[in-house]
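The values are calculated or read from the model by the stated rules, or taken from the named source; none is laboratory data. Because the structure is predicted, anything quoted here is derived from the model rather than measured. Counting neighbours? That spans all protein chains shown, and the Cβs are built from the backbone with ideal geometry, glycine included. Accessible surface is based on the protein model in full, side chains and every heavy atom, while ligands, DNA and RNA are left aside. Shrake-Rupley method; radii C 1.70, N 1.55, O 1.52, S 1.80 Å.
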Amino acid sequence: MGRYGVDEAVIPYNLNGESNWWHDINDSPLWQDRIFHILTALYGLVAVIALVQLVRIQLRVPEFGWTTQKVFHFLNFLVNGVRGLVFIFRRNVQDLHPEIVRHILLDMPSLVFFTTYALLVLFWAEIYYQARAESTDGLRPIFFTINVAVYSIQIAMWLVLWWKYIPVLVIISKMFFAGVSLFAALGFLLYGGRLFLMLQRFPVESKGRQNKLQEVGYVTVMCSSCFLVRCIMMCFDAFDKAADLNVLNHPVLNFIYYLLVEILPSILVLFILRKLPPRRGITQYHPIH
């Protein structure tokens, strides 16, 4: 994410000498507080929704362990809760040293967000291959391998930056996460698209077919779009200082960015996937091993 230095490129007035509202808001401590308080409240709301849904599922099917659905809601609660805490204590975060600690506090929730929605791709992939009577034994090892690789590479770059700040490595780190986001978007398009087409071929009289078709279609479009927007924004962030996703210097940009790539998708996905599993006869919810 962006560094916490003063943005020398900020120009408070346009060529006609008129005040620029974007920069006026960015430079105003009052508006900074308002914007980040709103972000904190929104993240807190999403965290509460995810926690309530997790509790409802546990009460509905207490005999099952940590199913894919339960882990998905728990990770949603974790990501949004941590993000809200970072924003509410943003001025304390700004004063943390070394600087890499700030990067970790901003980037780690993004990595967990990737894991959260990659879990949804895994769930869809399992449903797709089970419906085709194909083995799903290799899916979870692939899921864990990808996540271990992503976290290992990112942590390795953080450790190097902790040891010595290298500007080029900061750019590489941002481009790496842009690539991870693009990979997630392609995963949603691949398995969301496959599942959508498979559901379309089911008989019209199939129970719940239309609801599932809409559910998969909406989630696929929203999640692939949010990860694609994150990929594009991270590319701009890496090379354009005006697009620096800095917690304090660019509150308006941060509000738009986090609203589009995390808050709105999370709220909509949690709403669409609000249906509780049946009390008995569940075959698609397997414990996470």
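In terms of its alpha-carbon gyration tensor, segment 35-166 comes out oblate; a/c meets the 1.5 threshold, while b/c is at least as large as a/b.
Quick one: work out Rg over Rh on the C-alpha atoms of the chain, Rh as Kirkwood radius. List each step's numbers first, then the result.
Working: Rg = 20.8 Å, Rh = 20.6 Å.
Using Cα coordinates only, the ratio equals 1.01.
Within a straight-line Cα-Cα reach of under 16 Å, residue 275 can be paired with the following lysines, leaving aside sequence neighbours fewer than 8 residues apart in one chain: 70, 207, 212.
Using the Kirkwood radius over Cα pairs, work out the Stokes-Einstein diffusion coefficient for segment 26-72 at 20 °C and 1.002 mPa s, in µm²/s as a whole number.
Details: Rh = 12.8 Å.
In µm²/s, the coefficient is 167.
Normalised by the residues of the chain, what does the relative contact order come to in percent, with Cα pairs under 8 Å and at least six apart? Reported relative contact order: 30 percent. When each of the peptides 212-223, 158-169 is scored by how many other beta carbons lie within 10 Å of its residues on average, the order from highest to lowest is 212-223, 158-169.
Rolling a 1.4 Å probe over the protein heavy atoms gives the chain an accessible area of 51 Å² per residue. Between residue 232 and residue 130, full extension at 0.36 nm per residue minus the direct alpha carbon distance yields a gain of 33.3 nm.
For the chain, what is the calculated [θ] at 222 nm in deg cm²/dmol (nearest 500), taking -39500 (n - 2.57) for each run of four or more DSSP H residues and dividing by its residue count? Intermediate results must be reported in sequence, preceding the final value.
On the way: 11 runs with 200 residues, N = 289.
Mean residue ellipticity at 222 nm (helix-derived): -23500 deg cm²/dmol.
Expressed as a whole percent, the accessible area of the chain that falls on carbon and sulfur atoms is 69 (1.4 Å probe).
Stretched out fully, how many nm does the piece from residue 20 to residue 159 gain, at 0.36 nm a residue minus the Cα gap? Numbers along the way, then the final one.
Working: separation 139, 0.36 × 139 = 50.04 nm, distance 3.94 nm.
Stretched out fully, the residue 20 to residue 159 stretch lengthens by 46.1 nm.
Helix 167-187 axis versus longest C-alpha principal axis of the chain: approximately 30°, rounded to the nearest ten.
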